[in-house]
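The values are calculated or read from the model by the stated rules, or taken from the named source; none is laboratory data. None of these values were measured; they are calculated from a predicted model. With ideal geometry, Cβ positions are generated from the backbone for all residues, glycine too; neighbour counts draw on all protein chains shown. Surface areas here come from the heavy atoms of the whole protein model, side chains and all, with no ligands, DNA or RNA. Shrake-Rupley method; radii C 1.70, N 1.55, O 1.52, S 1.80 Å.
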Amino acid sequence: MSSLEPEELVDRIWARDPTVWTGSDEAHWLGWLDEPSRMLQRLDELEALDSDFDHIVLLGMGGSSLAPEVLRRTFAVDNLHVLDTTHPSAIRRLDRQVDRDRTLFVAASKSGTTLETRCQLDYFLKGGGTFGAITDPGTELEQFARNHEFAWVVNGEPTIGGRYSALSPFGMVPAVLMDLDVQSILERAEAMAQWCRLGDDNPGFTFGEQLGEGWSEGRDKVCIDETAGGFGLWAEQLIAESTGKQGKGLVPAPGEDPAAGPDRQHGPVRFDDPYDIGAEFFRWEFATAVAGSILGINPFTQPDVQAAKDRTAAILARGKVEDPLPESSVEELLTGAKPPQYIAIQAFIDPEREAELDPLVHRARETGCVVTKGLGPRYLHSTGQLHKGGPNTVLALQVVDDLGEELDVPGRDFGFRRLISAQAEGDLESLKERGRGVCRVRLDDV
C-alpha cells in the first residue's frame, strides 16, 4: 500500500514524479495526462481528414484497435471495420465485404513495426485503395506511408503507451472518421482530467485506491460492468497490461459478477450519455496509475509481451508450421480449480464464431472461478502480459478452429494461416515455460 497521503500522491503524479511507482522511466510515459487538452488543439488537423468513404478499415492491434472498436460499438457505427486478427477466414470475409475503390484503409501502429498490422497492410495494399496511417513520429511505418504516397499520416504522441492512447490520435482519428463529435468527447475528458487534479473528491484517485486496496485484501479480480459498447474490451488491456507483472496483478473480468466470490471487486463503468466515454477513458487511466503505485509496479511497461512475439518468430523461422493440435483436456485443466485461480479462454478462432465459446464459458464458471475470454492474437496485445507476468493463478484454455486455406502475405515467406498457427503455439509455449496450467482444444469438439 502506498504510504503517501491522497493529495500528495495526486500532486506527485501530475508533477511526473517516477518515485510514485518504481523510480525508473515512468516520467517518460505520462503524456496521457495532458492529451485531452493537446488533442483539442489539434481538432482542425483531424477534422480536415477526408471521411467520405463507404467503408473504413482500421488495421491495428491492442492499443491501436480496442478504443476504436469500443467507440464503434458504443455509437453503433456500421461502416468502420476494425481488423485485429490474423485469421485467414476473417481477412477473406472482410476483403469480400468492401469495395476497394470506396474504402479507406488506416494502418495504426505506435511502433510502426507491429507484425500483424504490417502483414494486413501488405495484403490490402497489393489490391489497391486509399490508405492512411497513424503512427509515432519517425517510425518505419511513417516512412513507408510517405514513400507509398498515402493520403495522410497522423502522428501520435511518443510519451504515451498504447494502452493509454484512447484519447490520442489512435482513438480520436477513427472517431473523426466515424463522424463523431470529437470535440465533445475531448472536452469531457479534459473536464475529468481537471477533476483528477483534486486532493479530495477525485474520481480517478478514489477508483484507483479502491482497486489497489481490493488487491491488497485478496480481491484481485475486477468485474467490469457490461455495456452495450463493450467498454470492458478496452479496460481489460489497460488493467491487465499495466498491473500484471512481477507476480502481481489485477485480473480484469468483463461481465463477471462481483458478488459471486471472495476474490472479486466491482469495476464500475459510469456513463449514460455515450459522449461521456471520453471522461470514462481518462478516469480509468488515472485510476490504473494510482493502483500501480499501490501495487508497487511500473504501470507503463509490458516486459513479458515480447516473450510470445519471440516464440512466434522462432516458430516461423523453422519453416513449415503445423496446425495446433489438441493437448490435455478441459476436464483435466478444470479438475480442482477454485478461487483465487481464474480461467482464461484464449481463442485463436474466426471472430465470427465467438458465440460458440459460450458452452466453455458456462462449464468454466461451474468451478466458481472468474472466467475471462480473449480472441487471439488480439489478447496477446491486451491481457497476455498478465497471463505470463502476473500471479500464477491462471488456467489457460486455448481454443483453435479450422483455419481454411492459406492466405499469402505479399513479400513474406509465410501466410496468415502459418502466422496465426505460430502465434497460438508460441503463446502456449510461453505459458508452459512460466509454469501455467494449460490445455488446447478444437472449437468443433466443444
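Quick rundown of the values:
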| read-out | value |
| --- | --- |
| Subset tally (residues that are over 21 Å from residue 172 (Cβ atoms) and over 23 Å from the mean Cα position of the chain (by Cα)) for segment 125-146 | 8 |
| Positions within segment 111-137 being open to solvent by less than 40 Å² (accessible area, probe 1.4 Å), in contact with a Pro (Cβ under 7 Å, 6 or more places away or on another chain) and not in a loop (DSSP other than H, G, I, E, B), in sequence order | 116, 122, 123, 134 |
| Count - residues of segment 406-446 that are touching a strand residue (DSSP E or B) at 6+ places or on another chain (Cβ under 8 Å), open to solvent by 10 Å² or more (accessible area, probe 1.4 Å) and among the acidic types (Asp, Glu) | 2 |
| Matching entry among 314, 287, 291 (being part of a helix (DSSP H, G or I), small (Gly, Ala, Ser) and open to solvent by 10 Å² or more (accessible area, probe 1.4 Å)) | 314 |
| Test for residue 308: is it closer than 22 Å to residue 250 by Cα, open to solvent by less than 60 Å² (accessible area, probe 1.4 Å), of a type outside the set (S, T, N, Q) and modelled with pLDDT of 95 or more | no |
| Segment 240-279, residues that are open to solvent by less than 10 Å² (accessible area, probe 1.4 Å) and out of contact with any Pro (no Cβ under 9 Å at 6 or more places or on another chain) | 250, 252, 253, 277 |
| Residue among 72, 96, 12 that is over 30 Å from residue 423 (Cα atoms), modelled with pLDDT of 95 or more and part of a helix (DSSP H, G or I) | 12 |
| Hey, residue 85 open to solvent by less than 40 Å² (accessible area, probe 1.4 Å), modelled with pLDDT of 95 or more, farther than 18 Å from residue 189 by Cα and in a loop (DSSP other than H, G, I, E, B) or not | yes |
| Residue list for segment 350-375, filter: surrounded by 13 or more Cβ atoms within 10 Å (Cβ to Cβ), part of a loop (DSSP other than H, G, I, E, B), of a type in the set (D, E, K, R) and without any contact (Cβ under 8 Å) to a residue 40 or more places away in the chain | none |
| Any hit, segment 348-356, residues being over 21 Å from residue 87 (Cα atoms) and at pLDDT 95 or above | no |
| Among the residues listed as 361, 394, the single one being out of contact with any helix residue (DSSP H, G or I) (no Cβ under 7 Å at 6 or more places or on another chain), under 20 Å from residue 328 (Cβ atoms) and not small (Gly, Ala, Ser) | 361 |
| Subset tally (residues that are in contact with a Pro (Cβ under 9 Å, 6 or more places away or on another chain) and at positive phi) for segment 329-381 | 1 |
| Which listed residue is in a strand (DSSP E or B) and open to solvent by less than 20 Å² (accessible area, probe 1.4 Å), from 403, 397, 386 | 397 |
| Segment 419-430 residues that are in contact (Cβ under 8 Å) with a residue 12 or more places away in the chain, paired with ones that are basic (Lys, Arg) (beta carbon under 6 Å, 6 or more apart) | 426/311; 429/311; 430/311; 430/388 |
| Residue under evaluation residue 307, criteria (1) farther than 30 Å from residue 24 by Cβ; (2) out of contact with any Asp or Glu (no Cβ under 6 Å at 6 or more places or on another chain); (3) assigned to a helix (DSSP H, G or I); (4) touching a residue at least 24 places away in the same chain (Cβ under 8 Å), criterion not met | (1) |
| Filter pass, residue 96 being in contact with a Leu (Cβ under 7 Å, 6 or more places away or on another chain) and surrounded by fewer than 17 Cβ atoms within 10 Å (Cβ to Cβ) | no |
